[in-house]
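Student: Take a look at the following structure, please.
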Amino acid sequence: MQRRALFSFAGAALLAGCGFQLRKPPDFAFDTLVVNAPESSPLGAELRRSVAAEGKVRVLTAAAAPAPAASAASAPAAASATRQVTFDLLQEQREKVVVGLNSSGQVTEFQLRSRIRFRVRDAQGRELIPDTELEQHRDISFNESAVLAKEAEESLLYRDMQTDLVQQLMRRLAAVRPQA
């Protein structure tokens, strides 16, 4: 019994000694994020929800964001106190490509791809993250006798890729440091 306890403490000590830490919530260096994405974009909606869930950053849509010239002219001190960053979703694309055929020419495997292009700017229009492309892909087998099940699996995989892309965006936004 004592050996088991000793081994469990040794394992915990090894993990603590190597610098292992659980992933912490992102720490954003800005107060306001303007998400310039179409209202119909599921990725834009998930990004807005994820950033707002952190509770430290105010998330606005492009339509609700104040114009930079109007806010700078009316209250220059307030504009400098509020650090605003704009996320521009330039392109969002989903693809389904055939990657496998059987001997009779029937499709046996697809590759699902989800690709986005974006950039991040500060309130003065300076690029903090230049035009960047992120891509996720998943392979899916295809069976003609289970078409409905494969459609549901495809939808689930697209949703999973979207969540992965949003997590990557969250980490990139946390690394952004607007200039004063």
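Student: Compute the relative contact order of the chain as a whole-number percentage, counting only Cα pairs closer than 8 Å that sit 6 or more residues apart in sequence.
Tutor: On the way: 248 pairs, mean separation 38.6, N = 180.
After rounding, I find 21 percent.
Student: Using square roots of five times the C-alpha gyration tensor eigenvalues, list the equivalent-ellipsoid semi-axes of region 23-175 in whole Å, biggest first.
Tutor: Semi-axis lengths for region 23-175 are 39, 14, 13 Å.
Student: Please report the net charge: other residues with Cβ closer than 12 Å to the Cβ of Arg58, K and R +1, D and E -1.
Tutor: +1
Student: Ordered by residue, what ³J(HN,Hα) values in Hz, to whole numbers, does region 20-27 give under the Karplus form 6.51 cos²θ - 1.76 cosθ + 1.60, where θ = phi - 60° and Gly and Pro are x?
Tutor: The phi angles translate into 5, 9, 5, 5, 9, x, x, 10 Hz.
Student: Further, regarding this structure: Can you give me the long-range amide H partners of Arg83? Hydrogens built in the peptide plane at 1.01 Å from N, cutoff under 5 Å, separation of 5 or more residues or another chain.
Tutor: Sorted by chain and number, the residues that satisfy this are Asp31, Thr32.
Student: Just grab the label-to-label distance for Glu133 and Glu109, each label 7 Å out from Cα along the Cβ direction, in nm (one decimal).
Tutor: 2.4 nm
Student: Okay, next question. Collect residues whose amide H, placed 1.01 Å from N in the peptide plane, falls under 5 Å from the amide H of Leu90; neighbours closer than 5 in sequence don't count.
Tutor: Here the answer is Arg117, Phe118, Arg119, since their amide H atoms fall under 5 Å of that of Leu90.
Student: Under the Karplus relation 6.51 cos²θ - 1.76 cosθ + 1.60, θ = phi - 60°, what is the ordered set of whole-Hz ³J(HN,Hα) values for region 130-141, x standing for Gly and Pro?
Tutor: After applying 6.51 cos²θ - 1.76 cosθ + 1.60, I find x, 3, 10, 10, 10, 9, 10, 9, 9, 9, 9, 7 Hz.
Student: Then there's this: Using modelled backbone amide H atoms (1.01 Å from N, in-plane), which distant-in-sequence or interchain residues come within less than 5 Å of Ala62's amide H?
Tutor: Residues meeting the amide H criterion: Val35, Ala37.
Student: Sticking with this one: How much net charge surrounds Glu95 when only the other residues with a Cβ under 11 Å from the Cβ of Glu95 are counted, with Lys and Arg +1 and Asp and Glu -1?
Tutor: Net local charge, Glu95 excluded: +3.
Student: Still on this structure, I have one more. Arranged by the count of other C-beta atoms within 10 angstrom, fewest first, what order do Ile129, Ile116 take? Please list the in-between numbers first.
Tutor: Details: Ile129 17, Ile116 24.
Ascending Cβ contact count within 10 Å gives the list Ile129, Ile116.
Student: What is the calculated FRET efficiency for Thr163 to Lys56, with r their C-beta to C-beta distance and R₀ = 25 Å, to the nearest 0.05?
Tutor: It comes out at approximately 0.75.
Student: Work out, step by step, the length gained on full extension between Leu156 and Arg23: first 0.36 nm times the residue separation, then minus their alpha carbon distance; give nm to one decimal.
Tutor: 45.4 nm
Student: Additional query: Quick one: what are the phi-derived ³J(HN,Hα) couplings along region 105-117, Karplus 6.51/-1.76/1.60 with θ = phi - 60°, whole Hz, x for glycine and proline?
Tutor: Per-residue couplings from phi come out as x, 8, 5, 10, 8, 10, 10, 9, 10, 10, 10, 10, 10 Hz.
Here, each number is a calculation from the coordinates, and none is a lab measurement. Please read these numbers as outputs of a predicted model, since none were measured by experiment. Note that each Cβ is placed from the backbone with ideal geometry, even for glycine, and that neighbours are counted across all protein chains shown.
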